[in-house]
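These notes are about the structure you will find just below.
The values are calculated or read from the model by the stated rules, or taken from the named source; none is laboratory data. Small disclaimer: the values here were computed from a predicted structure and weren't measured. Note that we place each Cβ from the backbone using ideal geometry, even for glycine, and neighbour counts take in every protein chain shown. For accessibility, only protein heavy atoms count, side chains too; no ligands or nucleic acids. Shrake-Rupley method; radii C 1.70, N 1.55, O 1.52, S 1.80 Å.
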Amino acid sequence: MTGASVDPLSLIVIEDSLDDYELIVRRVRAAHPEVFAQRVDSAAALDAALADRTWSAVLSDHRLPGFGSHEALAIVRARTADLPFIIVPGNIDEEAALSALRQGAHDSLYKGDLARLAPAIERELREAAVRSERRKMQDQLLISDRMASVGSLAAGVAHEINNPLAALLVNVDFAQTSLDLVGVVVEPPRSDPR
């Protein structure tokens, strides 16, 4: 995927510093020249951006004035369950990073270590594709299970109908044989031609 992805990469970058935003985009463009990035710095701007188009991933600073990665992650998850979310803070304590990962962030790396950013995005895009394929397979398996259940139900209903019919046919056949042995001729009723 490095440098030659089929679709252009589209990123939401949650960042209050224009310099940091440009640094992040420049690092990603080194591996993906066709990247489209949009900077947001508030919950409202993030929500509007998510509604505007389909995104490849979200890169988020940890703390912004009045807004942070935990709130951003909650907004992203409310809109789309499996959009890769990578925290790219200037600094973050280990407990806060682990908390974000427990909440559903996919990775966390420091702005001082942006050499890992493009590979982290590529990995998360591959894993998101695998998760999506797995969900599709699970959905197909559920449909197959439902169809098997319907088939079993139909077979059970057919069996329940066939048992009384078989007994009825045996009894009709027995009555016909008994009447033949006695010598009674059973003729169908005639219609009256009046």
Completion exercise
All conditions in (1) open to solvent by 80 Å² or more (accessible area, probe 1.4 Å); (2) at pLDDT 80 or above; (3) farther than 23 Å from Val88 by Cβ; (4) of a type outside the set (S, T, N, Q) are true of His159 except (2)
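Considering only segment 100-117, state which residues are part of a helix (DSSP H, G or I) and either open to solvent by less than 30 Å² (accessible area, probe 1.4 Å) or not polar (S, T, N, Q) (or both).
Those that are part of a helix (DSSP H, G or I) and either open to solvent by less than 30 Å² (accessible area, probe 1.4 Å) or not polar (S, T, N, Q) (or both): Ala100, Leu101, Arg102, Lys111, Gly112, Asp113, Leu114, Ala115, Arg116, Leu117.
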Practice task
Those residues that are of a type in the set (A, V, I, L, M, F, W, C) and more than 23 Å from Glu122 (Cα to Cα), I need them from segment 52-77; list them, please.
Solution key: Leu64, Phe67
Fill in the blank from the handout: Checking Pro65, Pro84 in turn, the sole residue that is open to solvent by 70 Å² or more (accessible area, probe 1.4 Å), in contact (Cβ under 8 Å) with a residue 40 or more places away in the chain and of a type outside the set (Val, Ile, Thr) turns out to be Pro65
Problem - Candidate set from segment 118-138 (those that are open to solvent by 90 Å² or more (accessible area, probe 1.4 Å) and of a type outside the set (Lys, Arg)); member that is nearest to Glu22 (Cα to Cα) - result: Glu133
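If the requirement is being at pLDDT 90 or above and surrounded by fewer than 16 Cβ atoms within 10 Å (Cβ to Cβ), which of these qualifies: Glu15, Glu94, Glu71, Glu22? Walk me through it before giving the result.
Numbers: Glu15 fails: surrounded by fewer than 16 Cβ atoms within 10 Å (Cβ to Cβ); Glu94 fails: at pLDDT 90 or above; Glu71 fails: surrounded by fewer than 16 Cβ atoms within 10 Å (Cβ to Cβ).
Result: Glu22 is the single residue among Glu15, Glu94, Glu71, Glu22 that is at pLDDT 90 or above and surrounded by fewer than 16 Cβ atoms within 10 Å (Cβ to Cβ).
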Practice task
Check whether at least one residue in segment 77-84 is within 20 Å of Asp16 (Cβ to Cβ) and of a type outside the set (S, T, N, Q), and report yes or no.
Solution key: no
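Can you tell me which residue among Ala100, Ala57, Ala115 is touching a residue at least 60 places away in the same chain (Cβ under 8 Å), in contact with a helix residue (DSSP H, G or I) (Cβ under 6 Å, 6 or more places away or on another chain) and over 15 Å from Ser17 (Cα atoms)?
On the way: Ala100 fails: touching a residue at least 60 places away in the same chain (Cβ under 8 Å); Ala115 fails: in contact with a helix residue (DSSP H, G or I) (Cβ under 6 Å, 6 or more places away or on another chain).
One residue alone meets the criteria, Ala57.
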Practice task
Would you mention how many residues in segment 118-136 are modelled with pLDDT under 80 and either more than 20 Å from the chain's Cα centre (by Cα) or not in a helix (DSSP H, G or I) (or both)?
Solution key: 0
